[in-house]
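Colleague: I have a structure I would like to understand better, so I am pasting it below and will then ask my questions one at a time.
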Amino acid sequence: MTERDLFGFRVEIDEEATRAWYAQADEWGCDCGDCRNFLKLAHERALPAPVLELLDKLGIPPEKATYVCEMYPAEGGHVYQFSWRIAGNILGGGEKSGNSQGWGEASCLHEPYPYGAPGFPKPHFDLNFFIELPWALDEPRE
C-alpha cells in the first residue's frame, strides 16, 4: 500500500487493487439528465484539474464514479456530490465533513453501501466531492 495525502486526509491506497477494479468497471449508469450532464463533463475532462490529476495517478477513469447526485442549483450551475471508491484505509484526518479546496470540497469517508461499486475489494474508503458544475448538455435541464 502507498501512503498519500488526499486533500488533507492521510490515507493508504492499494493502487493495484484499485486499478484492477476500475479496469473492469462500467461507467456511472444513471441516465437522468443530471447524471448525463456529469458524464458529459467527465468524458470531456471538465472536472477540476486536481481531481483529474489524482484520478489519472490512480488509473481511475472520471466517468466511472461510484456515486453521482445533483444536490442543488447554484449561481454558476449546479452543486454535485460525486465519489470514487478507493482500495485502502483512512489513516488520519478523521471523517470530516470536507476540506474546502477553492474549487469545491473534498473528503475521505467510509460509505458501506455499494452504490456503483458492488464487489469492490476491502478495505476501502470513498473519495467524495461537492463541486459546482456547469450545465453542458445541449438540452434544457429537466
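The values are calculated or read from the model by the stated rules, or taken from the named source; none is laboratory data. Note that the coordinates shown come from a computational prediction; the quantities given were computed from them, not determined experimentally. SASA here: full protein model, heavy atoms, side chains in, ligands and nucleic acids out. Shrake-Rupley method; radii C 1.70, N 1.55, O 1.52, S 1.80 Å.
Colleague: Taking all protein chains together and a probe of 1.4 Å, list 56, 14, 26 from the most accessible to the least accessible.
Modeller: Putting 56, 14, 26 in descending order of accessible area: 26, 56, 14.
Colleague: For the chain, what is the Kirkwood hydrodynamic radius in Å, using each pair of distinct C-alpha atoms?
Modeller: The answer is 15.3 Å.
Colleague: OK, next. Have a look at 12, 44, 132 and tell me which one the Gaussian network model of the chain (Cα, springs below 10 Å) gives the largest fluctuation.
Modeller: Sorting by GNM fluctuation, first place goes to 44.
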